[in-house]
Every structure is written in C-alpha cells, then in structure tokens.
Amino acid sequence: MNDRPIGVFDSGFGGLTVARALIDLLDDEQIVYAGDTGRYPYGPRPAEEIRRLSHEIADYLVAVEDVKMIVVACNTAASVALDELRYDFDVPVVGVIEPGIRAAAAVTRNGQIGVIGTTGTIASGAYQRAATAMRVEKNVHCTACPGFVEFVERGEIDSDQVHVLAERLLSPLKKAGIDTLLLGCTHYPFLARTLADVMGRDVVLVSSAEETAFDVRAILESTGLGRRVPSQGTHRFLSSGDPEWFVKLGRRLLGPELATAEAVSFGE
C-alpha cells in the first residue's frame, strides 16, 4: 500500500474532468492536480515543445510532489509525449487516449466513430494508431476543433459564438453519419450541451474521463499502490498561471473540492 498522491496534469482546466472522475471513484486517494494555465493552450504548439512542457510538469510532480502515479489528463500531451514519459519515469503513467477509444467502441451502434480534438492531437494520428493497436474494427473519423479550448479557458461554455463555431467544425462528422462522438480533449466535456445540440439526439457523446479513472483503479489494485489511510478529501491544485482565476473558474467546473490553488512554476 502507498499513501503518496496521484499526480494529474493538463494544459489548463480540461483535466479537471478526469480529476472529478478520479475523486468520485477513488475516494480514499489524494489528487495533486497541475494545470499549466500560464502556458496554455498546448494544441497549436509543435510536438517537441509539448514533449518538453509535459516532461517539466511530470518531473515536478515526481521530484517535488512525490506522486506514485501520473495521469496525463491532456489529450494533446498524451498524443505526443506519453511513451516518452513512460520511459523516463519510474512511476506508472496513464493517458486518456486508449480509454477513450475503448469507451467509444463499446457504445457505437453503426461502427462510425467521430473524434474531435486539438490541432496537435488530431495531426498526431494518435487516435487512429490507438484504434489499430487495440484492434478496434470501427471507422474512426477525426476532426480538429481549434478554438474550443480557448472558449472553455475563458469560461464561455455556452455562448452563441461557440455554438456557431461548433456548427462549422462538426459539419464533416455529421455528413459522415457518425453515431458516437468521442471528445478527444479533456476540455470538451464542458461544451457537452452545445456539442449535443449541434450533433443531435441520435449521437452519443463519449468522454474518456470515467474510463481513465477505471484504468487508474485497476493499476492501483494490481500494483498494490492504493492508500492505507483515506485522504479525507485533501486534494491539492497547482497552477502556473493566476491561482485566483484558476479557483474561480475551476471551482465552477470541478466542484467544492477546489477551494484553493497554489501558484507554481513547472520549469520556466
């Protein structure tokens, strides 16, 4: 058994969807969440820069926070840096891409799966590779949605502007006849109402958050890394940007567990 915390990181607020799922499923565990709000968004950045930023945060979580596991709750980071992080660190490193594909494949009825993500995630081809590696015999249609992350980070999750943008960006997926839409960015569940309205009631929206939490639980059980003493809800939240803004918006997205945030620097 191991009472060290679980480290979770994202470019900003999106990974709070994964943190929420972990808190709900693993109520004995302590979460240390790192939001790189001072350097977001990751989506438009070159792959090499994303790898560097991801490594800096993972190094901080291991060296300073002494985490026993890292959850890369950022699809963009997971799409280009996951394998490298698994090689460089001695703690288990979990991503959100494979759990998402698994969940979408289980839901689809007609075998047509749509995936939306940042420009970096979609350009990486990570979802197609994951589907192939997992032998998911479904058609996977991927579309980049630049701008969605910025709306979430500003707290504009139901504005007319984001609705208009969604209508334009999701048009190819509607034409493809998908019946399942995988939200390939942990920010996107916060736009679920808008996305559902645009896609229609026959399309099921799938988030990787819950499936990722199940993967984390399975690893804790198989490795004996679960806590001996319940954490009693002492989760911590770190931000490389303005901690007051992080709390103001993050609390609306996560819930009452996010009462305070600590300002940190992850490498710059």
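The values are calculated or read from the model by the stated rules, or taken from the named source; none is laboratory data. Keep in mind that what you see is a predicted model, and the values were worked out from it rather than measured. Positions of Cβ are generated from backbone atoms using ideal geometry, with glycine treated the same way; all protein chains shown enter the neighbour counts.
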Problem - Selection status of residue 168, assigned to a loop (DSSP other than H, G, I, E, B) and in the same structural domain as residue 118 (by TED's automatic domain parsing) - result: no
Exercise for the section: For residues that are out of contact with any strand residue (DSSP E or B) (no Cβ under 6 Å at 6 or more places or on another chain) and farther than 30 Å from residue 92 by Cα, scanning just segment 200-226, find the one that is surrounded by the fewest Cβ atoms within 10 Å (Cβ to Cβ). Expected result: 201
Exercise for the section: Filter segment 55-65 down to residues that are of a type outside the set (Gly, Ala, Ser) and assigned to a helix (DSSP H, G or I) and give me whichever is nearest to residue 11 (Cα to Cα). Expected result: 57
Problem - Residue count for segment 197-252, restricted to those that are assigned to a helix (DSSP H, G or I), of a type in the set (S, T, N, Q) and either touching a residue at least 12 places away in the same chain (Cβ under 8 Å) or within 23 Å of residue 41 (Cβ to Cβ) (or both) - result: 2
Practice task
Consider residue 77 carefully, then state whether it is farther than 23 Å from residue 120 by Cα and either out of contact with any strand residue (DSSP E or B) (no Cβ under 7 Å at 6 or more places or on another chain) or assigned by TED's automatic domain parsing to the domain that holds residue 188 (or both).
Solution key: no
Completion exercise
Per the list (1) touching a residue at least 40 places away in the same chain (Cβ under 8 Å); (2) out of contact with any Phe, Trp or Tyr (no Cβ under 6 Å at 6 or more places or on another chain), residue check on residue 57 breaks on (2)
Handout entry: Hits in segment 86-107 - residues which are part of a loop (DSSP other than H, G, I, E, B), surrounded by fewer than 23 Cβ atoms within 10 Å (Cβ to Cβ) and in contact with an Asp or Glu (Cβ under 9 Å, 6 or more places away or on another chain)
Key = 89
Practice task
Find the residue count for segment 1-54, including only residues that are touching a Phe, Trp or Tyr at 6+ places or on another chain (Cβ under 7 Å) and in a loop (DSSP other than H, G, I, E, B).
Solution key: 5
Exercise for the section: Within segment 242-264, work out how many residues are small (Gly, Ala, Ser) and either at pLDDT 95 or above or on the phi > 0 side of the Ramachandran plot (or both). Expected result: 3
